[in-house]
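A short worksheet on the structure shown next.
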Amino acid sequence: MPPRVSKLGDRIFLVLTIIATAAIVVLMVALFIVLIYGSRAAIQTIGWSFLYTKVWNPEGNVYGILPFLFGTLVTSAIALVIAIPLGLGAAIFLTQQAPAWLRAPVGQLIELLAAIPSIIYGFWGLIVLVPIMQTVINPWLANYLGWTGLFPKGAIGLNLLTASLVLSVMAIPTITAISRDSIAAVPRSQKEAALAIGGTEWEVTRHAVLPYARSGIIAGIVLGLGRALGETMAVTLTIGNSNTFPTSLLSQGQTISSLIANDFFEQGSQLEIPALLEAALILLVITLSINLGARVILLRFQAGRGVGAERSSTAPPAGSCSATA
């Protein structure tokens, strides 16, 4: 039984927290209802082919989301591959290696980078990164890795890889900031115990610090992935905005977010707006599925750690058998 609330201030606080929680649930349900209701014409007309058709042609009344689904997942995956080691490495450095006078200003700078509007990152990518990609990085990749088929010659700077790099720059501050706070929250006794048994700094970080901060690190990665999945303007400015299915990482393409931003106000047929709303619904489902999957993984980690702790606490001390004998 919960404790009885006796004071008026406690009652008001309890009511406000309940209202806030209910508002979040109602908002999520309302969002699903609006998207499902608005896309019902596309769902009924197009059916499951909407997910695997490679053509998006409003004039021909043909709608398929596969190229944009591919672009969304590929750019987000590449962004995470780049952002996770850099963001986590920066967090470990700031909490474990950096001198005290450097931690505060660098931490504030990272938080500032996380707050920069996405359109600024998009303009930076368009003005700075796209020319470098076209004149330096793309030719280098084509010369040395062109045999893989992922980096053909003659590609321009607007492509999937450029958009992925911009997304990685946007995701790094989020991953770094949350991972840094989680690692900094590890009790000092946890580290001192590992050092006391002769662990090196790397062993202490790997076996004592990172497992303890795992939940916060996973939360930072999921938030970084969420920003990459839903990013619109930065991707729109750097990906090339082509409706064709990408054949390489240097091909032009689109994500679901950039498709909605480019086509929502250019109605080619009566079915286009419902198709775009269905695309938004699919993006929302993907984002929620990834968050739920991360939560399940985290719960399994916590359950495994709890079982390990319980076994270690219930095991007989060393030498007890010989002592009783």
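The values are calculated or read from the model by the stated rules, or taken from the named source; none is laboratory data. Keep in mind that what you see is a predicted model, and the values were worked out from it rather than measured. Note: ideal-geometry Cβ built from the backbone for every residue, glycine included; neighbour counts use all protein chains shown.
This table checks each residue for (1) exposed (fewer than 14 other Cβ atoms within 10 Å of the Cβ); (2) under 30 Å from residue 168 (Cβ atoms); (3) not hydrophobic (A, V, I, L, M, F, W, C).
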{"residue": "17", "(1), (2), (3)": "yes, no, yes"}
{"residue": "33", "(1), (2), (3)": "yes, no, no"}
{"residue": "39", "(1), (2), (3)": "no, no, yes"}
{"residue": "92", "(1), (2), (3)": "no, yes, no"}
{"residue": "112", "(1), (2), (3)": "yes, yes, no"}
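Within region 162-181, at least one residue is at pLDDT 95 or above, polar (S, T, N, Q), closer than 16 Å to residue 247 by Cα and touching a strand residue (DSSP E or B) at 6+ places or on another chain (Cβ under 9 Å).
The residues in region 185-214 that are surrounded by fewer than 16 Cβ atoms within 10 Å (Cβ to Cβ), of a type outside the set (D, E, K, R) and in contact (Cβ under 8 Å) with a residue 40 or more places away in the chain can be counted, and the count is 1.
Annotation: of all residues in region 269-299 being small (Gly, Ala, Ser) and surrounded by 16 or more Cβ atoms within 10 Å (Cβ to Cβ), the one that is nearest to residue 219 (Cα to Cα) is 294. Whenever a residue of region 145-165 is on the phi > 0 side of the Ramachandran plot, its partners that are at pLDDT 90 or above, lying with C-beta atoms within less than 8 angstrom and at least six residues away or across chains, give the pairs 149/248; 154/142. On inspection, residue 68 does not qualify as aromatic (Phe, Trp, Tyr), in a helix (DSSP H, G or I) and closer than 15 Å to residue 158 by Cα.
For the structure I just gave you, tell me whether residue 71 is within 24 Å of residue 246 (Cα to Cα), of a type in the set (Gly, Ala, Ser) and buried (at least 19 other Cβ atoms within 10 Å of the Cβ). Here the answer is yes, as residue 71 does meet what is asked.
Give all pairs with beta carbons closer than 7 Å in which a residue from region 234-245 that is closer than 21 Å to residue 168 by Cβ and crowded, with 18+ Cβ neighbours inside 10 Å meets a residue that is at pLDDT 90 or above and among the aromatic types (Phe, Trp, Tyr); count only pairs at least 6 apart in sequence or on separate chains. Pairs found: 234/121; 237/123. Could you please let me know if residue 109 is touching a residue at least 60 places away in the same chain (Cβ under 8 Å) and among the aliphatic types (A, V, I, L, M)? For residue 109, the condition - touching a residue at least 60 places away in the same chain (Cβ under 8 Å) and among the aliphatic types (A, V, I, L, M) - is not met. Does at least one position in region 39-47 carry a residue that is part of a loop (DSSP other than H, G, I, E, B), closer than 17 Å to residue 285 by Cα and in contact (Cβ under 8 Å) with a residue 60 or more places away in the chain? Yes, region 39-47 contains a residue that is part of a loop (DSSP other than H, G, I, E, B), closer than 17 Å to residue 285 by Cα and in contact (Cβ under 8 Å) with a residue 60 or more places away in the chain. Of all residues in region 142-182, those being part of a helix (DSSP H, G or I), closer than 20 Å to residue 80 by Cβ and not charged (D, E, K, R) number 21.
Conditions tested, residue by residue: (1) without any contact (Cβ under 8 Å) to a residue 12 or more places away in the chain; (2) not in a helix (DSSP H, G or I).
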position: 64; (1), (2): no, yes
position: 72; (1), (2): no, no
position: 83; (1), (2): no, no
position: 88; (1), (2): no, no
position: 93; (1), (2): yes, no
position: 96; (1), (2): no, no
position: 101; (1), (2): yes, no
position: 104; (1), (2): yes, no
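Suppose the filter is surrounded by fewer than 19 Cβ atoms within 10 Å (Cβ to Cβ) and of a type in the set (A, V, I, L, M); does residue 24 pass it? Criteria met by residue 24.
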